[in-house]
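Below you'll find the structure, written out as structure tokens, and then a few comments.
Read-outs throughout are calculated quantities, based only on the coordinates presented, and are distinct from any laboratory measurement. Quick caveat: nothing in here was measured; it's all calculated off a predicted structure. Cβ sites come from the backbone with ideal geometry, for glycine too, and all protein chains shown count toward neighbours.
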Amino acid sequence: MRSRNQFIISTAVFGLVILIIASSVIVTNQQLAQIEKQQQISGNIESGSDKLNTLSSQYFLYQQTQQLTLWNSNSASILGNISNLSPNNFEQKTLVKNISDDLARLNSSFINLVSFLETAPRNVSVRVLPEFQNDWNLTVTAHQTFGLDAFKLSDYLRTQADQLRQTNLVLVIALSGVFGAFFILSYLITYRRTLKTISDLQKGIKIIGSGNLDYSIQTKKKDEIAELSKAFNQMATDLKTVTASKADLEKEIVGRKKAEEAIRESELRLRFHAQNTPLAVVEWDSNFVVTRWAGEAEKMFGWNDSETIGNPIMDLHMIYEPDIHIVEKTMNRLTSGETKVVSSNRNITKDGRMIYCTWYNSVLLDDNGKMVSVFSFVEDNTAKVKAEEALKENNRNLELLVEERSKQLKDSERLAAIGATASMVGHDIRNPLQAITSDVYLLKEELKGMPEGEEKSSAEESLEGIEKNVDYINKIVADLQDFARPLNPRVEEVNLKLIIEDLLAKNMLPENVKVTVRVEAAAEKVMVDFTFISRIMYNLVNNAGQAMPKGGKLTIHAYKEANDVLITVKDTGVGIPEKVKDKLFAPMFTTKSKGQGFGLAVIKRLTEALGGKVTFESQEGKGTTFTVRLPPPRS
């Protein structure tokens, strides 16, 4: 088979394989994008579940119209997110249907609870009424089921996304391997095979030229060089029939003319192949003077044949100086009797570029074994060398990428495990906490009717301590969930002043802390996620209170600067030591005797999710000021 045909076939086969792998990469990327979109929607549903849970508890405690309005708004938003889900298999469809059914049951049970509380008699404790207990238990169960099913969907989509990422990585590695195999196979088929055939042809020509007309050049392959071999074999056969008689001489002359024509034709064929070979063809005599400059020589090196033929090859200064010793060693080998010498040297082109070349040198010797000329095929390996270097670099980068992605995957798996644990534990903890909150509220109501005395004061103190511990447990669960789960903020208009007032009304600060709040009119209403800004403010105020164990002054100031809203929370507490300032926002880092070290990390994560930034200034012994900068939402 001709070299050209082999090259075309190999190129077509590798091209098809590369196309298949590349198409697979595109398909997996599209699937991954769709799954990630579903993950975002699922995260919104899971976040909405927690918000409904909080709103139901707030309504039970305060029974305000604001909680009902927020409940309906969030329920409608969750329903819209459910309708935007596009399940693509039976398991996803089942999970989506379960979530939709859970939301319907939750709405129904909450409506029943609201109706009961609105019509319940005020002279009787609703806590002891069986109707209330039934409606409340149904609502708690519906909350738990809805939150758990929303978590199952998020976890299922997260698993699908991880599998697609791993598949995509394997396809990319396979694509790199196919490219490498294609370069190697092309080199073996196109160059090495052609050079071996030409070398055999040169050996045969030398033997026939020495007078051995019985020698036949072997033509095992059917390619362009084989045609030249057949022409030389025919010439040798014709020469054998020459005789010394006149008639034979005439025949010999005719035969010689035919032989000369055959030689000329062979020379033309050889010249044609030399001119059209993908290699440079250089021939030089025993004095290293160039006698032939053909093929890709001019294109490869920049000099034309009129500039090179008749000139010593070293006068062209085409050898890269650090490689001159390689060329000198090659010339010594050629002049010392070696007939084939291959020389890993670098050459300089006419325009000053450096190229990587391999010289395949074949020596023509006379009868005394002295060098007559050297016929060289020069292969420009610059592209191959650069491709190999690029491939090595890509492999190094790929190894680093795989190592980095593996680390990221481990970190993601660790955070996912934290998130999953937080979600499951959160659902399991918050349900009894809701019951405790309800009991505390009802007990407080019952205490109002008791006469003043030591027992009543003691009971009120105990209930107050229970409320603070419940708030602390709620904060731990909320911090864990906010840090580990995907954040998909839902921007809406929020009254910052009301949020701060509601926060301070919960008596979360000691009595020896004096609070000053100033929310300027331009900063009163902001476009943010209600839950995010509530959690940010809660954690900042809570940290400030803990920083002033002996009392002090807390100043909250919200104002507008250009288009941004800035919120500063300043305390006169113990301050932050210089040596821990760099680690302050790191997760699970804390300087306090209790706490998990997620509070400030959650503040940073929630603020950045809103497109903002949180900074601080602190002086040990004089206090700390945290500043939250919130830019306007992106359109």
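List of remarks:
- Cα pair distances exceeding 24 angstrom across the stretch 499-630, given as percent: 25
- Annotation: the antiparallel percentage among DSSP beta bridges lying fully within the stretch 499-630 is about 75.
- For the stretch 60-162, average projected area of the Cα convex hull in nm²: 7.5
- For the stretch 280-380, the alpha-carbon radius of gyration amounts to 1.01 times the rule-of-thumb value 2.2 N^0.38 Å expected for a compact globular protein.
- Shape descriptor for the stretch 32-77: Rg over Rh equals 1.17 (Cα atoms; Rh from the Kirkwood inverse mean 1/r).
- Seen from Gln67, the other residues with C-beta closer than 14 Å to its C-beta sum to a net charge of -1, counting Lys and Arg as +1 and Asp and Glu as -1.
- Fewest-first sequence of Thr54, Thr159 by Cβ atoms within 10 Å of each Cβ: Thr159, Thr54
- Across all directions, the shadow cast by the convex hull of the stretch 9-120 built on its C-alpha atoms averages 8.6 square nanometres.
- When you restrict to C-alpha pairs under 8 Å that are six or more residues apart and normalise by the size of the stretch 499-630, the relative contact order lands at 25 percent.
- Ordering Val541, Val172 from the fewest to the most neighbouring beta carbons within 10 Å gives Val172, Val541.
- By the count of other C-beta atoms within 10 Å, a proxy for reagent exposure, Ser199, Ser336 are ordered fewest to most as Ser336, Ser199.
- Too-long pairs where the Cα-Cα distance tops 23 Å, listed order kept, from Lys51/Lys514; Lys206/Lys340; Lys51/Lys604; Lys506/Lys553; Lys553/Lys622: Lys51/Lys514
- Spatially, the stretch 140-184 and the stretch 66-95 are offset by 23 Å when compared through their Cα centroids.
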